[in-house]
1. With every protein chain left in place and a probe of 1.4 Å, what is the accessible surface of residue 144, to the nearest 10 Å²?
2. If you place +1 on the Cβ of every Lys and Arg, -1 on the Cβ of every Asp and Glu, and leave all else neutral, what size is the dipole of region 44-135 about its Cα centre, to the nearest 20 Debye?
3. Of the DSSP beta bridges with both residues in the chain, give the percent that are antiparallel, rounding to the nearest 5.
4. Rounded to the nearest percent, how much of the accessible area of region 1-121 (1.4 Å probe, protein heavy atoms only) is carbon and sulfur?
5. Explain nothing, just the number: dipole magnitude of the chain about its Cα centre with +1 on each Lys and Arg Cβ and -1 on each Asp and Glu Cβ, in debye rounded to the nearest 20.
6. Name the residue from 85, 103, 115 whose Cα lies farthest towards the positive end of the charge dipole of region 76-124, charges +1 on Cβ of Lys and Arg and -1 on Cβ of Asp and Glu.
7. Please give the contour-minus-distance gain from residue 77 to residue 163: 0.36 nm per residue of separation, less the Cα-Cα distance, rounded to one decimal in nm.
8. From the helices alone, meaning DSSP H stretches of at least four residues, give me the mean residue ellipticity at 222 nm for the chain, per-run term -39500 (n - 2.57), in deg cm²/dmol to the nearest 500.
Amino acid sequence: MEIRHIQENDDRMAISHIYEEGWRFAYRGIVPQEFLDSIPEGRWAYCLDRKGVGSLVVVEDGQLIGTSSYSQSRWEQFSGFGEIISIYMLPQYMGKGYGRRLLEAAVAELEKFGYQDIFLWVLAQNQRARKFYEKCGFTPTEHVMDHEIGGKMLQEVQYYRSNQTNRKA
């Protein structure tokens, strides 16, 4: 297993496929099924090379099986924080420790840029992901936001982790 930065020759459609399958698995029963079934192939391929966003991939036996994106906070009120934008694994690789290693690699990348305060957003109903983040040292904050996905209003909860003990989101 290798975790590395996305490379120019990596297949963007294969990486997008990780997002697509991750969404279909993780959000089943949360996001309307009709929306999940209608996610087009390559939906996330175009956004993998955004300026200011870092992307990592997990490679197992030559196959791309996971991905994570990170950046400085996209939210003005959390200026100075690092943000984990996404983390997805192909469903058959979930629960095997790959996700934890990928998350830690993304955190380490943010720390290289000087970010000690790091946050992410997770759907409030996504209990599996919430437990995962909590096991990885993230804690929920009081910050929430409503987000419409597939015609359904859903709430996202902010999770936070710091290597500093005196500052909180």
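The values are calculated or read from the model by the stated rules, or taken from the named source; none is laboratory data. Keep in mind that this is a model prediction, so the values were computed, not measured. Don't worry about glycine lacking a Cβ; one is built from the backbone with ideal geometry, like all the others, and counts go over all protein chains shown. The area values use the complete protein model at the heavy-atom level, side chains included, leaving out ligands, DNA and RNA. Shrake-Rupley method; radii C 1.70, N 1.55, O 1.52, S 1.80 Å.
1. Using a 1.4 Å probe on the heavy atoms, I get roughly 80 Å².
2. Details: 11 positive and 10 negative charges, 57 e Å.
The dipole magnitude comes to about 280 debye.
3. Looking only at bridges with both residues in the chain, the antiparallel portion is about 90 percent.
4. 47 percent
5. Around 540 debye, computed over the chain.
6. 103
7. Details: separation 86, 0.36 × 86 = 30.96 nm, distance 1.95 nm.
Additional length available on full extension: 29.0 nm.
8. -8000 deg cm²/dmol
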